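Novice: I'd like to ask some things about the structure below.
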């Protein structure tokens, strides 16, 4: 008996690519303006967000795949020090307090993390 068939075009990474409580950047699509985001481990699941600070509109990570505080409890904007919740993307401290990161809908099939089949990629790309 085989599992569900994977749409390889939607694959972002494997769960094994994420350390416990870790994060990983992804680029989805092609052309001059691909969708840039990241996935982050949260408890037993993962969350996905656009890699775009709501304060200044630039990427959160100055170094590749570095989206978290040293203790890995919160998401950190490396430019201005804003702190975001991992589970909801809400900014708790910094110049964008009260705003939130734009979520990227995900699904996990086995050990594979994918962009959700029903994700509105055009709307996400317009925000990113």
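Novice: Restricted to Cα positions, what overall size does the chain have along the principal axes? Three whole-Å values, descending.
Specialist: 51, 32, 24
Novice: For the stretch 8-127, what does the relative contact order come out to in percent, with C-alpha contacts under 8 Å and a separation of six or more?
Specialist: Working: 232 pairs, mean separation 29.0, N = 120.
Answer for the stretch 8-127 is 24 percent.
Every read-out reported here was derived from the displayed coordinates using simple, explicitly stated rules and does not represent laboratory data. The shown structure was predicted, so the numbers you read here are calculated from the model rather than taken from an experiment.
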